[in-house]
Amino acid sequence: MAKTDDLEAVRAVATALGGFSPEEQERIIRWAREKLGLAPTPRITSETSAPHPSTMASPPQTSEPNAQPIAPGARDLKTFVTTKRPKSDVQFAATVAYFYRFEAPPEQRRNEIDKATLQDACRLAGRERLQNPLNTLNNAKNLGLLDSGSEAGKFAVNTVGENLVAMTLPTDSTAAAKPKKIKSVQRKNSKKN
């Protein structure tokens, strides 16, 4: 592919992202940076957007070097899991990894989780404890939702897992179930007649 000039590349990116919301644009750009192997950029919130360079404050310090500033309206783990309603243990593992990477308060942010973190997340979310949390993490990795971390037993959410949590969850199975019940009732009534 022939290299284009910078402005042409900017126009192509702007055109491609034009139909998405600002939140979706940020996520797409973050995924593109990840795909290209570029360093992550801090999230921009309405409080920090477009500051004058002379008045820019340094971003809040966190325990993780790549952790991003917290977004407004961030919540605790239980609220986040309740909102996302993961249907399986592997979805729960991806949700927990996503929460700790992107949604947790700055002092709790981490890029990787392990079996102790996942088991503690069960307690915090009011979910039944896992029989073998390491197996759950390995299953989530085998399904492509998590990647191996920096050391054995550590796992990080990847773009597939991010997409599941950010875009797919929650799935509203109640809406799909109601029409089926109505149809089955109608069939029973038609057999009686």
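Residues of the stretch 64-85 that are modelled with pLDDT under 50 and at positive phi: GLY73 alone.
Filtered by the rule that a residue be in contact with an Asp or Glu (Cβ under 9 Å, 6 or more places away or on another chain) and touching a residue at least 24 places away in the same chain (Cβ under 8 Å), the stretch 134-144 gives THR136, LEU137, ASN139, ALA140.
In the stretch 26-38, the residues that are free of Cβ contacts under 8 Å to residues at least 12 places away in the same chain form Cβ pairs under 8 Å with partners that are among the hydrophobic types (A, V, I, L, M, F, W, C), at six or more places apart or across chains, as follows: ILE28/LEU17; ILE28/PHE20; ARG33/ALA39. Given the structure, is THR95 at pLDDT below 95 and closer than 28 Å to GLN25 by Cβ? The answer is no for THR95.
Going through the stretch 100-159 one residue at a time, which ones are hydroxyl-bearing (Ser, Thr, Tyr), touching a strand residue (DSSP E or B) at 6+ places or on another chain (Cβ under 7 Å) and farther than 26 Å from GLU23 by Cα?
Start the filter on the stretch 100-159 by keeping residues that are hydroxyl-bearing (Ser, Thr, Tyr), which leaves 100, 117, 136, 148, 150, 159.
Now restrict to residues that are touching a strand residue (DSSP E or B) at 6+ places or on another chain (Cβ under 7 Å): 100, 148.
Result: SER148, single match.
Taken across the stretch 4-26, residues that are modelled with pLDDT under 80, among the charged types (D, E, K, R), under 19 Å from the mean Cα position of the chain (by Cα) and exposed (fewer than 11 other Cβ atoms within 10 Å of the Cβ) do not occur at all.
The values are calculated or read from the model by the stated rules, or taken from the named source; none is laboratory data. The shown structure was predicted, so the numbers you read here are calculated from the model rather than taken from an experiment. Heads up, the Cβs are rebuilt from the backbone with ideal geometry, glycines too, and the neighbour counts pull from every protein chain shown.
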